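Shown next, in C-alpha cells, is the structure this report addresses.
The values are calculated or read from the model by the stated rules, or taken from the named source; none is laboratory data. Since this is a predicted model, take the numbers as computed values, not measurements. Counting neighbours? That spans all protein chains shown, and the Cβs are built from the backbone with ideal geometry, glycine included.
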Amino acid sequence: MSDNAQYFARLAQTDDWFAEYHTYDDIVWWSGDLAARFPHLVRFVPSIGRTHEGRDIPMLRITAPGGDGGKERKRVWLQSLQHAREWISGSTLQYIAEKLVGGYGKHSRVTRLLKQVEFVLVPVVNPDGYTYTWTTDRLWRKNRRDNGDGTFGVDLNRNWPDHWSSKGLWTQSSSVIYPGPSAASEPEVQALMQAYLKTPNVVAVVDIHSYSQLLLRPFGWGRTLDAGERQYREVADQLVKDLALARGSRYTSEHAVDLYQAKGIAIDWWAGAGQQKRQADSARAGSTRPYAFTLELSPKDDEELGDSGFVLPPSAIRKVGEDVWPMILHLAEIGLTQPLVSRAGAT
C-alpha cells in the first residue's frame, strides 16, 4: 500500500475530522468521501476550473432529494480559503457541510432547509496558495501566479471585476494585496465567476475569511451605500446576534470599507457587477439579488496578535464552527423569507 493510500485508509477511520487541519489533497478526498457517504444529499463536482499550477478547484452541492429535482430551489453560496493562510476558514466551511448532512432527517430545522435550499460550497478557492502554506510559507496569502519579475502571486480578493484598480501604494507585484495585471486575470476568479453565474436562484453568498470577528457587507471600494443598505443592516444585525448567542463570541457588523478600502473584492462583484451580469443574461432573475457578506472569523482583532491571528490551534476548529453554524442556518432562512429585492448597485 502506498503512503497516500495508507494515510487515506487511516483518515477514513478517524473519529474526529476536526481534530486537525488538512491539506488540499485531504480536502479533495474528504469532499468525495462526503458525497460517497451521503449520496442522496451531496454531489461532488471535482473541478469547476484549474489554477496556474494545474490544480482543480472542487465544489460540493448539498440539498435534499425532491420533486422538482432542485431546479427551482434557492441557493446559498459559501466559499473559503480565498486567502491561503486563513486555514480556519476552510475548516469552518467543512464543519458546516458535515453539520448539514449529519442533521438531515435528525433535526427539523436542517431537514426543512435542505428541502428548500441547495448549499453550494467551494472549500478551497486558492489551491496553489494553500498548498504553498503547507510546504513553504505558512503565512502566504496570494495565489501562485509567476509575475515574471521574480515575484509570485495575486491577491484573489482584489482581482474581481468590480471597481478593480491597478493604482495605489500597494499594487506592486511584490505586495501581499497585488490585484493582478488586469481585472479577473486569475483562473481561480474566472472559474468562480463562471460557476456562480451558472447557479440559479442564489439568495445569499458568504466569503469566509479570518480574522477580526467581523461581518462585512458591501461596499469595500468606497463609502457609497448599497441600494439595499437598510435591509442589509437589519439582516446583518440579526446575524451577529446569532454569532454571539452560540458561544458568546462578539462579532461586529459593518461596511467592508470600514475595515479598510479594498477594491476588486468578491462581495462587491456579487452585489454589483456580478448581479448586473446575471440580470442582463436572464429575464427570470427579476430584481431579487443575494445578500453578500464577507465573514471574518476568530480571533478578535488585536494589535498584539499580528500574523499569529491567522494561526489558530486545531483546538479552535470546532469552537469557531459552532459560532458560525447558527448564523448560516439563519441566513438561509432569511434568504427564503426576506429576499433582498432592491436593484443591484449603489445609491
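Observations
- When residues of segment 316-333 are limited to those that are more than 17 Å from V203 (Cα to Cα) and touching a strand residue (DSSP E or B) at 6+ places or on another chain (Cβ under 9 Å), the one surrounded by the most Cβ atoms within 10 Å (Cβ to Cβ): V324
For every residue, the table says whether it meets (1) under 16 Å from I265 (Cα atoms); (2) among the hydrophobic types (A, V, I, L, M, F, W, C); (3) surrounded by fewer than 22 Cβ atoms within 10 Å (Cβ to Cβ); (4) out of contact with any helix residue (DSSP H, G or I) (no Cβ under 9 Å at 6 or more places or on another chain).
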residue: N126; (1), (2), (3), (4): yes, no, no, no
residue: S173; (1), (2), (3), (4): no, no, yes, yes
residue: I177; (1), (2), (3), (4): yes, yes, yes, no
residue: Y196; (1), (2), (3), (4): yes, no, no, no
residue: V202; (1), (2), (3), (4): no, yes, no, no
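- Criterion (modelled with pLDDT under 95 and either crowded, with 18+ Cβ neighbours inside 10 Å or at negative phi (or both)) met by exactly one of W160, W140, W221: W221
- Test result for A183, assigned to a helix (DSSP H, G or I), surrounded by 15 or more Cβ atoms within 10 Å (Cβ to Cβ) and either in contact (Cβ under 8 Å) with a residue 40 or more places away in the chain or basic (K, R) (or both): no
- Those residues of segment 134-185 which are small (G, A, S) and either farther than 21 Å from G274 by Cβ or touching a Gly at 6+ places or on another chain (Cβ under 7 Å) (or both), in sequence order: G148, G150, G153, S165, G168, S173, S174, S175, A183
- From the options V120, V176, residue that is part of a strand (DSSP E or B) and either farther than 20 Å from A191 by Cβ or at pLDDT 95 or above (or both): V120
- Note on segment 245-279: residues that are surrounded by fewer than 19 Cβ atoms within 10 Å (Cβ to Cβ), modelled with pLDDT under 90 and over 24 Å from G180 (Cβ atoms) total 5.
- Against the test of being more than 27 Å from R289 (Cα to Cα) and modelled with pLDDT of 95 or more, the options A97, A64, A5, A36 yield a single qualifying residue, A36.
- Leading residue by the ranking (nearest to I27 (Cα to Cα)) among those in segment 102-117 that are surrounded by fewer than 22 Cβ atoms within 10 Å (Cβ to Cβ) and touching a residue at least 24 places away in the same chain (Cβ under 8 Å): Y104
- One residue alone among T92, T171, T151 is closer than 29 Å to W29 by Cβ and among the hydroxyl-bearing types (S, T, Y), and that residue is T92.
- E53 being part of a loop (DSSP other than H, G, I, E, B) and of a type in the set (D, E, K, R): yes
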